[in-house]
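The values are calculated or read from the model by the stated rules, or taken from the named source; none is laboratory data. Note that the structure is predicted; figures quoted are calculated from it, not measured. No Cβ is skipped: glycine too gets one built from the backbone with ideal geometry, and neighbour counts run over all protein chains shown.
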Amino acid sequence: MANQNRKKVITVIGARPQFIKAAAVSRIFAQTEGIEELLLHTGQHYDRKMSDVFFNDLGIPAPAYNVGISGGGHGSMTGRMLIAIEEILLSEKPDFVLVYGDTNSTLAGALVASKLHIPVAHVEAGLRSFNKAMPEEINRILTDHCSDILYSPTDVATRNLLGEGVRGDRIEQVGDIMFDAALHFGRISEQLGNRISQYGLEKKKYVLATIHRQENVDNPDRLRAILVGLQKVSGEMPVILPIHPRTRDRIAAYGMEDLIAGLKIQEPLGYLEMVALERGAAVIVTDSGGVQKEAFFHNTPCVTLRDETEWIELVEAGWNVLLSPVDPTDIYQTVMSRIGTSGEDIAPYGSGDAARKIVNSLQKRFI
Ligand code: UD1
Ligand code: UDP
């Protein structure tokens, strides 16, 4: 018989990194009495390799809803999400709503729930780049300030929230949910024997690159600098680039196909393959938030092609080097100089039990 006292959470997700974060928490919800989780997929990411592959490989329950909203301007995408999510929350009447990260799906979920007076919990709260030109920075600030419970990953994130006047009793520092994912799914990837040799690569003799951020790929000068820089690196060692659809589309639109001729271009990878490639790489070059940290989790030096980062502790400890992608030679030299390096022995992301802490906290608050 269904337990009438079970509390209902609706988790709003839509983009690749959110599937990975939700996978870590959903598996704990599934083992927890008293809470029923329904997944609401906004549809922001929809290609099989940007969405389904994560549900299949990471054992995420099928979404109860997929409202199929993607593309368009930020206002249009977020606006359509608001309408669709509101309808579902009104009919499902969840006890609380859970959102992750800083995408348009995050903001839409948090905004609708808060206006309906449904408590909202935000995982990965408090991160700031202090660059409002990034769509993610707007999403984070607004989501944090309309959420009720803020699960912060790091000391830096907690300080940011307190500095913005957020009351301490709304903040719980639980560690980084992506550390949980890296530990749990990293073990599974290893057990499955994911091999870099299937990509024709040898351990510590290649560079792994991921590029997708709007400020890099929608700017032809920055995109050209990155691709020419990576071409130069590929003269010394193979560069594998699992390509995000935004980047693929921009390269085609700018007629830059010749600049990727020397790179090993792959379709977006499943997380279990991605982890194997991160572990085996000599250096990771990225503008991804998640991949910067995964480089550290797997002891691989990283170059982040951005002007700033939310994960400043890795730069301070020498694991990550920030480089504004303007000059291809600078990119080439910085990447090559990172081979064989490491950083200080630090542990800023907790103990890999963020998911358990989040679910325990939600149980305490809602059951
Ligand atoms: C979004 C997030 C970004 C996050 C990234 C993770 C926002 C504002 N941005 O950026 O914070 O780091 O996801 O990967 O929410 N596309 C496809 N197939 C897909 C998905 C996207 O072809 O499955 C193409 C479409 O042309 C789409 C474009 O990529 O218009 C950009 O997708 P969008 O979700 O708007 O932004 P991302 O760059 O993916
Ligand atoms: N990732 C993946 N396959 C890829 C590229 C990335 O599984 O081809 C994973 C990566 O390991 C990390 C997450 O996607 O866990 C990061 O997502 P993304 O870089 O798209 O977004 P961000 O973290 O910058 O928001």
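Taking only the stretch 24-46 into account, find how many residues are closer than 16 Å to Gly68 by Cα and of a type outside the set (Ser, Thr, Tyr).
Residues meeting the conditions: 6.
Being surrounded by fewer than 20 Cβ atoms within 10 Å (Cβ to Cβ), closer than 28 Å to Ser342 by Cβ and within 16 Å of ligand 2 (Cβ to nearest atom) is the requirement here; does Glu190 meet it?
yes
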Only residues that are more than 16 Å from ligand 2 (Cβ to nearest atom) and surrounded by fewer than 24 Cβ atoms within 10 Å (Cβ to Cβ): list them for the stretch 143-156, please.
His145, Cys146, Asp148, Ile149, Asp155, Val156
Please list, ordered by first then second residue, the pairs with beta carbon atoms under 9 Å, 6 or more apart or interchain, first in the stretch 255-267 and more than 15 Å from Ser234 (Cα to Cα), second in a loop (DSSP other than H, G, I, E, B) and of a type outside the set (A, V, I, L, M, F, W, C).
Glu267/Asp47
Any chance the stretch 257-275 includes a residue that's closer than 21 Å to Ser342 by Cα and within 14 Å of ligand 2 (Cβ to nearest atom)?
yes
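Give me the residue from the stretch 232-243 that is part of a helix (DSSP H, G or I) and in contact (Cβ under 8 Å) with a residue 40 or more places away in the chain and, out of that set, farthest from the chain's Cα centre (by Cα).
The residue in question is Lys232.
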Hey, can you tell me all the residues within the stretch 312-342 that are within 27 Å of Leu161 (Cα to Cα) and without any contact (Cβ under 8 Å) to a residue 24 or more places away in the chain?
Val315, Glu316, Val321, Leu322, Leu323, Ser324
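Results for (1) under 29 Å from Glu137 (Cβ atoms); (2) crowded, with 18+ Cβ neighbours inside 10 Å, shown as yes or no for each residue.
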| site | (1), (2) |
| --- | --- |
| Gly186 | no, yes |
| Ala209 | yes, yes |
| Arg213 | yes, yes |
| Ile265 | no, no |
| Ala282 | no, yes |
Among strands (runs of 3 or more DSSP E) completely within the stretch 1-119, the ones holding 2 or more residues that are farther than 21 Å from Ala354 by Cβ are 35-41
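For every residue, the table says whether it meets (1) buried (at least 20 other Cβ atoms within 10 Å of the Cβ); (2) over 16 Å from the mean Cα position of the chain (by Cα).
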position: Gly34; (1), (2): no, yes
position: Leu58; (1), (2): yes, no
position: Gly71; (1), (2): no, yes
position: Ile88; (1), (2): no, yes
position: Pro94; (1), (2): yes, yes
position: Val99; (1), (2): yes, no
position: Gly109; (1), (2): yes, yes
Suppose we keep only residues that are free of Cβ contacts under 8 Å to residues at least 60 places away in the same chain and among the acidic types (Asp, Glu) within the stretch 143-156. Which one would you say is nearest to Leu116 (Cα to Cα)?
Asp148
So, of the residues in the stretch 278-307 that are among the acidic types (Asp, Glu) and closer than 19 Å to Tyr349 by Cβ, which turns out to be farthest from the chain's Cα centre (by Cα)?
Glu278
Going through Arg159, Arg167, Arg246, Arg140 one at a time, which residue ends up being within 15 Å of ligand 2 (Cβ to nearest atom), free of Cβ contacts under 8 Å to residues at least 60 places away in the same chain, basic (Lys, Arg) and surrounded by fewer than 19 Cβ atoms within 10 Å (Cβ to Cβ)?
Arg246
Would you please name the residue that is farthest from the chain's Cα centre (by Cα), looking only at residues in the stretch 207-222 that are part of a helix (DSSP H, G or I) and either within 15 Å of ligand 1 (Cβ to nearest atom) or in contact (Cβ under 8 Å) with a residue 60 or more places away in the chain (or both)?
Asp221
Sole residue being crowded, with 17+ Cβ neighbours inside 10 Å, modelled with pLDDT of 95 or more, in contact with an Asp or Glu (Cβ under 7 Å, 6 or more places away or on another chain) and under 20 Å from Tyr151 (Cβ atoms), chosen from Ser105, Ser26:
Ser26
Which condition breaks for Lys204 when tested against (1) part of a strand (DSSP E or B); (2) in contact (Cβ under 8 Å) with a residue 60 or more places away in the chain?
(1)
How many residues, within the stretch 162-178, are within 19 Å of Ser361 (Cα to Cα) and outside any strand (DSSP E or B)?
10
Tell me, yes or no, whether the stretch 341-352 has at least one residue that is surrounded by 18 or more Cβ atoms within 10 Å (Cβ to Cβ) and touching a strand residue (DSSP E or B) at 6+ places or on another chain (Cβ under 6 Å).
no
